């Protein structure tokens with residue numbers, strides 16, 4: 001191998017209802033990637049138990065629902081590998097190895113752990129603390145070169161790169177000796193001549209990479225927010241979508257004509273960003289059409305657009321989840337395809353680090 005095969009990996013946790021933020025910040029951006037390079041999209045159910053164990057049936061149902069959302073949004077099982085993480089054991093095995101590669105200081109700097117654990121970090125699970133190492137394993141088990149992420153996950157991807165770099169450096173001679181490395185395209189003192197794992201690149205783009213709460217424009221839209229009015233769920237009907245946008249928090253001023261006018265107006269910036277993402281345009285284009293207008297005129301237009309874009313997807317999700325046979329077939333086939341890629345990678349990793357395999 002003279003270079004790493006371009007490959008995309010990403011995933012969403014099956015915890016609670018998927019919402020507009022998941023769709024605009026992640027899933028909708030995956031669809032065009034299917035025609036650009038090999039793509040793997042995972043339902044990361046092992047991540048779903050890091051904070052607490054959900055009800056078993058709820059986790060099963062949510063895994064199928066996220067898969068249905070992928071497919072309804074345009075992720076094609078004939079183009080992409082779709083599977084749930086727990087079916088492919090290489091994720092967990094590589095995560096343990098990365099637990100031994102990553103440094104405590106690296107994990108202590110992760111802001112998401114601090115936010116999720118809060119003042120109760122002494123009672124937080126080890127899984128929540130080591131979550132970024134499993135994320136690194138998810139990506140590097142396939143030697144993925146690109147990961148579409150929201151800006152809130154960029155720090156975790158930087159940790160993935162740190163883990164890859166340390167592994168490549170720690171085992172540089174062994175990788176070269178076994179002849180299973182890829183020539184480093186950008187030689188530097190920080191990285192050896194041959195790499196086993198790629199330095200995965202983030203893909204952050206679009207007008208709405210981070211969708212904020214409809215009730216507080218300074219907070220990310222979240223499944224865990226106690227107020228259902230804070231988010232638009234992908235299974236909301238047209239009336240619910242219209243109600244939530246109508247009740248979305250705003251300020252009393254008219255929309256500006258320039259993007260600079262959205263500064264220090266988080267709710268206005270969020271709603272304009274949502275419109276831009278749904279219409280596949282830009283904030284500049286939205287403000288060209290709506291600048292100077294009050295929210296009483298903008299909100300109905302946003303509501304109509306959201307219903308137009310989301311209703312067909314909601315209908316398809318409901319069709320798929322009504323009979324999960326099709327979903328389960330997709331997940332089974334996807335797990336087999338994913339395993340076929342990850343198993344040889346883990347076999348080589350075991351050889352690199354010196355695990356004896358006499359089977």
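Here are the numbers:
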quantity: Hits in region 132-184 (condition: out of contact with any strand residue (DSSP E or B) (no Cβ under 8 Å at 6 or more places or on another chain), in contact (Cβ under 8 Å) with a residue 60 or more places away in the chain and over 22 Å from residue 90 (Cβ atoms)); calculated: 150
quantity: Residue in region 321-340 that is under 20 Å from residue 93 (Cβ atoms), under 23 Å from the mean Cα position of the chain (by Cα) and loosely packed, with under 14 Cβ neighbours inside 10 Å present; calculated: yes
quantity: Count - residues of region 19-37 that are touching a strand residue (DSSP E or B) at 6+ places or on another chain (Cβ under 7 Å) and assigned to a loop (DSSP other than H, G, I, E, B); calculated: 1
quantity: Filter result for residue 158 (under 15 Å from the mean Cα position of the chain (by Cα) and surrounded by fewer than 20 Cβ atoms within 10 Å (Cβ to Cβ)); calculated: yes
quantity: Filter result for residue 128 (surrounded by fewer than 23 Cβ atoms within 10 Å (Cβ to Cβ), assigned by TED's automatic domain parsing to the domain that holds residue 29, modelled with pLDDT of 80 or more and within 17 Å of residue 12 (Cβ to Cβ)); calculated: no
quantity: The one condition in (1) at pLDDT below 95; (2) touching a helix residue (DSSP H, G or I) at 6+ places or on another chain (Cβ under 6 Å); (3) closer than 23 Å to residue 141 by Cα that residue 335 fails to fulfil; calculated: (1)
quantity: Qualifying positions in region 42-78 - out of contact with any strand residue (DSSP E or B) (no Cβ under 7 Å at 6 or more places or on another chain) and not in a helix (DSSP H, G or I); calculated: 46, 50, 51, 52, 53, 54, 55, 74, 76, 77, 78
quantity: Flag for residue 112 being touching a strand residue (DSSP E or B) at 6+ places or on another chain (Cβ under 8 Å) and closer than 18 Å to residue 51 by Cβ; calculated: no
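Yes/no per residue for (1) over 13 Å from residue 221 (Cβ atoms); (2) surrounded by fewer than 18 Cβ atoms within 10 Å (Cβ to Cβ):
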position: 252; (1), (2): yes, yes
position: 255; (1), (2): yes, no
position: 260; (1), (2): yes, yes
position: 263; (1), (2): yes, yes
position: 274; (1), (2): no, no
position: 277; (1), (2): no, no
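Yes/no per residue for (1) surrounded by 12 or more Cβ atoms within 10 Å (Cβ to Cβ); (2) more than 19 Å from residue 45 (Cα to Cα):
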residue: 87; (1), (2): yes, no
residue: 92; (1), (2): yes, no
residue: 95; (1), (2): yes, no
residue: 101; (1), (2): yes, yes
residue: 104; (1), (2): no, yes
residue: 107; (1), (2): yes, yes
residue: 113; (1), (2): yes, no
residue: 119; (1), (2): no, yes
residue: 122; (1), (2): no, yes
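Table: residues versus (1) under 30 Å from residue 143 (Cβ atoms); (2) part of a helix (DSSP H, G or I); (3) free of Cβ contacts under 8 Å to residues at least 12 places away in the same chain.
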residue	(1), (2), (3)
245	no, yes, no
252	no, no, yes
260	no, yes, yes
276	no, yes, no
281	no, no, no
289	no, yes, yes
305	no, yes, no
318	no, yes, no
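The values are calculated or read from the model by the stated rules, or taken from the named source; none is laboratory data. Just so it is clear, the model here is predicted, and its values are computed rather than measured. Here the Cβ is made from the backbone with ideal geometry for all residues, glycine too, and neighbour counts use every protein chain on show.
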